[in-house]
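Below: the structure, in structure tokens.
The values are calculated or read from the model by the stated rules, or taken from the named source; none is laboratory data. Bear in mind the structure is a predicted one, so any value in this text is a computation, not a measurement. Note: ideal-geometry Cβ built from the backbone for every residue, glycine included; neighbour counts use all protein chains shown. The accessibility values were calculated without ligands, DNA or RNA, using every heavy atom of the protein model including side chains. Shrake-Rupley method; radii C 1.70, N 1.55, O 1.52, S 1.80 Å.
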Amino acid sequence: MRRQPFNPEKELKEIGKFRTFPSPMAPDGYLPRYDRPVTPRENFLAMLKGESPQWIPNFFYDIHTFCPRVIPDNVARGMVVDGEPMEELKKGGLDMFGVEWEYEELVGGSMVKPGNPKCPDICEWEKYITFPDLDSWDWAHAAEVNTPYFDGGRPVEFTIFSGLFERLISFLDFEAAALALLDEDQQDAVHGLFDKLCDFYDDYIGYVKKYFPFVDIICFHDDWGSQRAPFFSLATCREMLVPYLKRVADSCHKNGFFLHLHCCGKNEMIVPAMVEAGVDMWIPQPMNDFDYLLRNFNDKLVLGVQPPELKEELDEEGVKEACKKYVESTLVASKPRVLCFASSALRKYPSVAKMLDYLYPISREYYSKL
């Protein structure tokens, strides 16, 4: 991407609006559009392609999340993000495989109803698990009502709930799913199920391409770790998950999508598995060692880097200085293939929100000189 000098007077001028889904960040369904050298979409995709962007993308402004209710899992998980009226939506219920989820308003998410796993024996999974009929969903209606929200100015990310390990958990409950990855007597059955799941995900991703051609990124939701460590070793991940995650990555890439692996937990030890599978982007949670990740993996995949929490209230100069240090540190380490993802810090600490206001001009100034 050709470098252009930073012109604050021009680039910080609002010239219109991006239409988006109503949210706390955009109550009226619009976000400001500025006179920037390229669109947020062009900038974001340049980063994913391994090119140098014009500024550090801000996940909360520069990307358009899309989780339509036509997908039963989005409703069951309480994660619908689309253009239809939210007051008509009842969260929780059955997902696409008939697993029952209970939505908890307090935490804003769902869990599988415990104590009655859909598949009591993984070795006989074919007796218990029926794969969804993709043709039975009203894709055409979803395309009709949602397409007007996308104008090509921001990259669009479509989330798939759930990934391979999460899907196994939903069928077996957590303890049985973790054991099934390790038990030699159950591993062949897990391989068989994952093989069938990959066939299904390949068809599913094809439908996304057909009905939602404005999508750029598939977010594959598969949490692999806890607050302290991964749920399994790198060797287990390579044996039981990498071959199938690679097939999902291949399905994304052949349809022109990038693959973002949503993978919560302290998972820095198993990032080599993500790289080997062909993942394009990962946004680690704050408990991960970002210095280690940037040093060792940022030439192989895009990383979302958390800004400092800025727990104390800072004056304007203090916020600017914190933003400069953040940009300098990520730029030196990332060459520069990072995006800014503030997670819970954005809601907890007002100074973080103020810092994000300076992220564009400060990072734009630095990047224009590369």
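A cut-off of 5 Å between modelled amide H atoms, ignoring neighbours fewer than 5 places along the same chain, links residue 110 with 104. Taking GluC sites (Glu not before Pro) as candidate sites, keep only those in a DSSP loop with at most 13 other Cβ atoms within 10 Å, then name the longest stretch of the chain containing none of them. The longest uninterrupted stretch comes out as 106-311. Accessible surface for segment 1-133, divided over its residues, is 53 Å² per residue with a 1.4 Å probe. How tilted is helix 242-254 with respect to the longest principal axis of the chain? Cα atoms for both, answer in degrees (0 to 90, nearest 10). The two axes meet at around 60 degrees.
Across the options 186, 174, 164, the greatest Cα extent toward the positive end of the charge dipole of segment 147-211 (unit charges at beta carbon of Lys, Arg, Asp, Glu) belongs to 164. Here residue 116 and residue 253 are evaluated by their C-beta separation; at R0 = 35 Å the FRET efficiency comes out at 0.40. Charging the Cβ of each Asp and Glu at -1 and of each Lys and Arg at +1, and nothing else, the dipole of the chain about its Cα centre rounds to 1500 debye. Each Cα pair under 8 Å and six or more residues apart adds its sequence gap; the mean of these over the residue count of segment 175-304 is a relative contact order of 24 percent. Among 295, 238, 247, the largest mean-square fluctuation in a Gaussian network model of the chain, built with springs joining Cα atoms closer than 10 Å, belongs to 295. With protein chains left intact and a 1.4 Å probe, residues in segment 223-279 average 38 Å² of accessible area per residue. The length gained by stretching the chain between residue 347 and residue 312 to full extension, at 0.36 nm per residue less their Cα-Cα distance, is 11.2 nm. Once C-alpha pairs closer than 8 Å and six or more residues apart are averaged by separation and normalised to the residue number of the chain, the relative contact order reads 17 percent. Distant-in-sequence amide contacts of residue 339, defined by a placed amide H-H separation under 5 Å and a gap of 5 or more residues or a different chain, comprise 303, 304, 305. Dipole orientation for the chain: of the candidates 323, 198, 213, 323 has the Cα lying most toward the positive pole (charges on Cβ; Lys, Arg +1; Asp, Glu -1). Expressed as a whole percent, the accessible surface of the chain that belongs to carbon and sulfur atoms is 51, based on a 1.4 Å probe. Using a Gaussian network model of the chain in which every pair of alpha carbons under 10 angstrom is joined by a spring, one finds that among 106, 89, 339 the greatest mean-square fluctuation is at 106.
Extension gain residue 131-residue 187, at 0.36 nm per residue separation less the Cα-Cα distance, in nm?
The residue 131-residue 187 span can extend by a further 18.1 nm.
Given (1) 22.6, 77; (2) 19.8, 66; (3) 20.9, 66 as candidate values of Rg and Dmax of the Cα atoms in Å, which corresponds to the one derived from the coordinates? Only one option fits the structure, namely (3). With springs only between Cα atoms under 10 Å, which of 298, 116, 288 fluctuates most in a Gaussian network model of the chain? Looking only at 298, 116, 288, the largest GNM fluctuation is found for 116.
For residue 81, the residues 5 or more places off, or on other chains, whose built amide H falls under 5 Å of its own are 67.
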